[in-house]
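Take a look at the structure below.
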Amino acid sequence: MAKESKTSKKAAAAAAVSAGVQINIGISDKDRAAIAQGLSRLLADTYTLYLTTHNFHWNVTGPMFNTLHTMFMAQYTELWNAVDPIAERIRSLGHVAPGSYAAFGALSSLPDAPAQPPKALEMVRILVAGHEAVARTARELFPLADAASDEPTADLLTQRLTIHEQTAWMLRSLLED
């Protein structure tokens with residue numbers, strides 16, 4: 001068991017080396033790896049939701065066109081601006097940020113956008129579910145960031161939770177009679 005622990009520590013130390021420089025920011029190698037993995041899932045969810053929202057912006061039709069077209073543009077712009085800080089936090093922890101559709105597809109908890117654009121209110125329902133899913137992904141990571149005293153990640157997660165919960169509420173309001 002002690003030998004296995006030494007091997008694990010060596011593997012973690014090797015993974016922590018970035019460009020030949022040991023990372024020592026006060027968060028263990030194991031915690032940094034776990035947090036980076038959780039942030040990778042958050043990045044994949046965020047990018048997938050961005051793409052779906054942008055798709056709906058292009059393809060929305062019907063009596064609510066102008067309202068939804070404008071709302072979706074504000075939402076996809078916010079999501080686009082969110083991906084960089086998430087990816088940069090992964091890099092700050094010494095890990096590679098995923099950046100391909102294949103990687104995002106494997107990591108995301110969200111389904112891809114429908115092949116055929118749905119009706120406007122179905123778009124809203126899909127986006128509500130997407131924002132709620134991203135909030136859950138962020139919330140699942142929060143205890144690990146908190147336990148590791150990773151305040152920058154906790155701050156990022158708090159910001160993302162605020163945006164996704166508020167956006168889901170605003171979208172749900174459109175579905176009420």
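Computed from the coordinates by the stated procedures, all read-outs in this text should not be read as laboratory data. Since this is a predicted model, take the numbers as computed values, not measurements. Cβ coordinates were reconstructed from backbone atoms using ideal geometry, including for glycine residues, and neighbour counts include every protein chain displayed.
Below, the figures for the structure above:
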quantity	calculated
For Ser40, Ser109, Ser100, order by how many other beta-carbon atoms lie within 10 Å, fewest first	Ser100, Ser109, Ser40
Region 26-90 - convex hull of the alpha-carbon atoms, volume per residue in Å³	66
Ranked list, fewest to most other Cβ atoms within 10 Å of each Cβ, for Glu151, Glu165	Glu151, Glu165
Alpha carbon Rg of region 27-174, scaled by the compact-globule rule 2.2 N^0.38 Å	1.06
Using alpha-carbon coordinates, inclination of helix 120-147 to the longest axis of the chain, degrees	20
Of Gln116, Gln22, Gln37, the one that fluctuates the most in a GNM where the chain has Cα springs shorter than 10 Å	Gln116
Cα long-axis angle, helix 65-92 against the chain (0 to 90 degrees, to the nearest 10)	0
Residue among Ile35, Ile126, Ile27 with the largest mean-square fluctuation in a Gaussian network model of the chain, springs linking Cα atoms under 10 Å	Ile27
CD proxy at 222 nm, helix term only [per DSSP H run n ≥ 4: -39500 (n - 2.57); per residue of the chain; nearest 500]	-26000 deg cm²/dmol
Cβ-placed point charges (K, R +1; D, E -1), dipole of the chain about Cα centre in debye, nearest 20	640
Helix axis angle, 151-174 relative to the chain longest principal axis, alpha carbon, degrees	20
